[in-house]
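Structure first, then comments.
The values are calculated or read from the model by the stated rules, or taken from the named source; none is laboratory data. Just so we're clear, the structure is a prediction, and the values are computed from it rather than from any experiment. Backbone-built Cβ (ideal geometry, glycine too); neighbour counts: all protein chains shown. The area values use the complete protein model at the heavy-atom level, side chains included, leaving out ligands, DNA and RNA. Shrake-Rupley method; radii C 1.70, N 1.55, O 1.52, S 1.80 Å.
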There are 2 protein chains.
Amino acid sequence: MGVPSGSDGDQPPTRTVTLRDVAQLAGVSIATASKALNGQPQVRATTREKVVRAAEQLSFSPNTLAQGLITQRSGTVGLLTSDLEGRFSIPILMGAEDAFGSDQTSVFLCDARGDNVRERHHLRALLSRRVDGLIVVGARPDARPSLGDLPVPVIYAYSPSDDPNDLSLVTDNVGGGSMAVDHLIRHGRRRIAHITGDATYGAARDRAAGALDRLRQEGLALAGDQVWYGAWSEAWGRGATRMLLQRDPTVDAIFAGSDEIARGVLDVLHQEDLDVPGRVAVIGFDNWNILAANARPPLSTIDMNLEQLGRLAAQRLFAAIDGNVGSGTETIPPRLITRESTAPLD
Amino acid sequence: MGVPSGSDGDQPPTRTVTLRDVAQLAGVSIATASKALNGQPQVRATTREKVVRAAEQLSFSPNTLAQGLITQRSGTVGLLTSDLEGRFSIPILMGAEDAFGSDQTSVFLCDARGDNVRERHHLRALLSRRVDGLIVVGARPDARPSLGDLPVPVIYAYSPSDDPNDLSLVTDNVGGGSMAVDHLIRHGRRRIAHITGDATYGAARDRAAGALDRLRQEGLALAGDQVWYGAWSEAWGRGATRMLLQRDPTVDAIFAGSDEIARGVLDVLHQEDLDVPGRVAVIGFDNWNILAANARPPLSTIDMNLEQLGRLAAQRLFAAIDGNVGSGTETIPPRLITRESTAPLD
DNA sequence: TTGGGGACCGAAAACGTTTTCAGGAACGTA
DNA sequence: TACGTTCCTGAAAACGTTTTCGGTCCCCAA
């Protein structure tokens, strides 16, 4: 277990091959070797060929540190997230990584764990590494303090910056809420209730606002007479549903503020022998696959398009690096995922 | 939305401050400035003070690219994961990031998405960036092809390398399986069944092996007469439980191969009005918090200590970078999480 | 007064690239 | 033959550090 051992082929400490080696093997100067490999036009086709072959033969790989030093572009960006643990950072991060990966930029991942001093520490490190830009991914969709003026462009994702001069990308919770309710209405539901999470989250209030808005347009009242704010948990979903059924047994659809809550809702509806979606339709929020797709029945839900948000953040960052800095808040539209927990009332 | 706008204070294009500026302000040479800031002894206390003050005043931050160029250490490592999406990579990644973050090393995150050519592409990029080492995080706990001889040390995490000369860190599935069954036995259970996932996963077979082993020690037979291999899904948990109850109604404990499966098991037990844990105890695997902690009742489970695995990977990589390269396979012990789905039979 | 030695400092080389610019070769034209 | 072009190549500077090594200054003992 972990036995120290010299690497297998204990070669004479093979210096990493440099451009000089390539040039030498190709019989040209370092300058032309560089130009040949970078596709500069002012080099004869035959010499370029020679150089390329030499580079391949030595399996040369240019030292990006050196390149970055002179071009003043490191080809790296920082991804500063406040909680890796949370399920929201990950898709954003995937989208961003994907968008960058197809370019030549590499991504530094930093997790501040919601700690401010850790964030500043990582920030220092990233700037010291001369990243070309950075994306700040928040933990919850409420505004966060701006990092202020930095020598590189910054994009805020998920949590918007509190400074309107920064560029922030956020999900559309109002739109999502109204989209969920719209879906239920289209399926003929009239007695629609809303159970959601912690009211201190802007996301909870926004989704509720969107839902109420859509109901009002239709001239409908909220079943259960109130928005059931509580916690982002399955247990709250169960508890609220019991109370709701007691207060208003005529409910025929429940919009849950998260898939977790929706799971709790489903659980109690089963206990009460209320058929889903025959008797009561249920729609969740987040499209957290493990919860939504495996529910019984599989859960219709609103997808916030987080991966797209991540990709867009990457694109906006590129633009900013190229000088097109933007500002303000851009909103990503959500997407309805229909599964079997919602169906037309017949 | 995204209106291009020059940055607020349109300062005269503020060149990033370099060591030369610090030296100049402090009235010393670049050399002494460097030595002063790096805590080299051969510099008078008063001059060091001057330099430090100048550096602060200009908020100097050393260019790590330049440093890396000459010290031949970039202070970066690559984290090459095959699927970010999967829930197993994340905790490992968190552990590693944490361990590195407390050091001065930054982490390049690369997601190969299970694609081989993407993996090679990222590998090239990382080597070009002169990372000091890298950690390869697999998607499933079966062996994966070695990356072969690289100019930097490599640690394989979760998925071991198929080359025994590499150093791999893996979870202990056999131990986990036996730990789960042991827990059930200690609670007086005698009719223990095992429902698990896809038999092509080494993890499934290993956990089953550990479970059977422990049963054999106790002279017990498996309830249901077989290991119920199937899929890593809630649906399979439900289906298998129904079959199991039909075949052997005397079962008093179920060891599920994953928390997802366990959720399905719980669901059917509730439908059948079999009290958990009064009548049947249930234990899961993975300690996937969202599923386990929110189950009804909260689910006892086996935690694979993935975060610790990530941290250990970071430590081993450090050691390797410092010349202490290891080889072979190191196993991380699992941990029992007891919640309310298991209890003594009375 | 001289010499030795310690403490401190700075000039310069080095890391591996890119880019500028001067110049050589080859060629066509007057 | 002389000259202007065009095409290609290479010397050298630059990027921002670290590190080596020789040098200066000062102090103290002989």
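When chain B is modelled as a GNM with alpha-carbon springs shorter than 10 Å, which of B:Ala235, B:Ala45, B:Ala66 fluctuates the most? Highest fluctuation of the listed residues: B:Ala45. When chain B is described by a simple charge dipole with +1 on each Lys and Arg Cβ and -1 on each Asp and Glu Cβ, the residue from B:Asn63, B:Val265, B:Ile254 located farthest towards its positive end is B:Asn63. Taking the charge dipole of region B:173-303 about its Cα centre, with +1 at Lys and Arg Cβ atoms and -1 at Asp and Glu Cβ atoms, the residue from B:Met243, B:Gly219, B:Met179 reaching farthest to the positive side is B:Gly219.
What relative contact order, as a whole-number percentage, does chain A give when Cα pairs under 8 Å and 6 or more residues apart are counted? Intermediate results must be reported in sequence, preceding the final value.
Numbers: 669 pairs, mean separation 56.4, N = 346.
Over chain A, the number comes to 16 percent.
Peptide B:133-141 has a mean of 0 when you count, residue by residue, the C-beta atoms of other protein chains within 10 Å of its C-beta. To the nearest 10, the accessible area of B:Thr329 is 80 Å² with a 1.4 Å probe.
Over all other residues within a Cβ to Cβ distance under 12 Å of B:Lys35, the charged ones net out to +2, with Lys and Arg as +1 and Asp and Glu as -1. Note on chain B: with a GNM built from Cα contacts shorter than 10 Å, the maximum mean-square fluctuation among B:Gln246, B:Gln315, B:Gln57 falls on B:Gln57. Comparing B:Asn294, B:Asn305, B:Asn63 in a Gaussian network model of chain B (Cα springs below 10 Å), the most mobile by mean-square fluctuation is B:Asn63. Within 10 Å of the Cβ of each residue in B:95-102, the mean number of Cβ atoms contributed by other protein chains is 3.
Taking every C-alpha pair closer than 8 Å and separated by at least 6 residues, the mean separation divided by the residue count of region A:19-62 gives a relative contact order of 42 percent. Inter-copy label distances at A:Thr18, using a point 7 Å along Cα-to-Cβ, come to 1.9 nm with the shortest given first.
Averaged over the residues of B:103-109, the number of partner chain Cβ atoms lying within 10 Å of the residue Cβ comes to 5. A point 7 Å from Cα along Cα→Cβ stands in for B:Gly278, and the other copies hold the same point at 2.9 nm, listed in rising order.
Run the dipole for region B:126-270 about the Cα centre, Lys and Arg Cβ at +1, Asp and Glu Cβ at -1, nothing else charged, and hand back the magnitude in debye, nearest 20. Walk me through the numbers before you get to the answer.
Working: 16 positive and 19 negative charges, 87 e Å.
It works out to roughly 420 debye.
Put a dot 7 Å past the Cα of A:Thr200, heading toward its Cβ, do the same for A:Ile70, and the two dots end up 5.5 nm apart. Surface calculation, 1.4 Å probe, protein heavy atoms: B:Lys50 sits at approximately 90 Å² accessible.
Is region B:173-303 best put as rounded, prolate or oblate by its Cα gyration tensor, with a ≥ b ≥ c the root eigenvalues, rounded for a/c under 1.5, and otherwise prolate when a/b is larger than b/c, oblate when not?
Cα axes put region B:173-303 in the rounded bin.
If you roll a 1.4 Å probe over the heavy atoms of the protein chains, what accessible area per residue do you get for the protein assembly as shown, in Å²?
Numbers: 29820 Å² over 692 residues.
I get 43 Å² per residue for this part.
Using the rule -39500 (n - 2.57) for each DSSP H run of four or more residues, divided by the residues of chain A, the 222 nm mean residue ellipticity is -12500 deg cm²/dmol. Counting only residues at least eight positions apart within a chain, or on another chain, the lysines with an alpha carbon under 29 Å from that of A:Lys50 are A:Lys35.
Compute the FRET efficiency between B:Gln217 and B:Asp115 as 1/(1 + (r/R0)^6), taking r as their Cβ-Cβ distance and R0 = 45 Å, and round to the nearest 0.05. Given R0 = 45 Å and the Cβ-Cβ separation, E is 0.55. DSSP bridge analysis restricted to the protein assembly as shown gives an antiparallel fraction near 10%, rounded to the nearest 5. Label separation (A:Gln315 vs A:Ile30): 4.1 nm, computed from points 7 Å beyond Cα along the C-beta direction.
Across the identical copies, the label point of A:Ile30 (7 Å from Cα in the Cβ direction) is separated from its matches by 1.6 nm, in order from shortest.
Farthest towards the positive end of the charge dipole of chain A, among the residues A:Leu25, A:Ser233, A:Ile290, is the Cα of A:Leu25, using unit charges on the Cβ of Lys, Arg, Asp and Glu. Relative to the longest principal axis of the Cα atoms of chain B, the long axis of helix B:89-101 makes an angle of roughly 30 degrees.
Label separation (B:Asn289 vs A:Asp322): 4.0 nm, computed from points 7 Å beyond Cα along the C-beta direction. Between 0 and 90 degrees, the angle of helix A:259-271 with respect to the longest Cα principal axis of chain A falls at about 30 degrees.
I need the shape label for chain A. Rule: rounded when a/c is under 1.5, else prolate if a/b > b/c, else oblate, with a, b, c from the alpha carbon gyration tensor. Walk me through the numbers on the way to the answer.
Values: a/c = 2.81, a/b = 2.48, b/c = 1.13.
Prolate.
Quick one: dipole size for chain B, taken about the Cα centre, charges +1 on Lys/Arg Cβ and -1 on Asp/Glu Cβ, in debye to the nearest 20. Don't skip to the end; give the middle numbers.
On the way: 35 positive and 42 negative charges, 192 e Å.
The calculated dipole for chain B is roughly 920 debye.
Between rounded, prolate and oblate, where does the protein assembly as shown land on the alpha carbon gyration tensor, with a ≥ b ≥ c its root eigenvalues, rounded for a/c under 1.5, else prolate if a/b exceeds b/c? Oblate, because a/c is 1.5 or more while a/b does not exceed b/c. Computed from point charges on the beta carbon alone (+1 for Lys and Arg, -1 for Asp and Glu), the dipole magnitude for region B:19-62 about its Cα centre is near 140 Debye.
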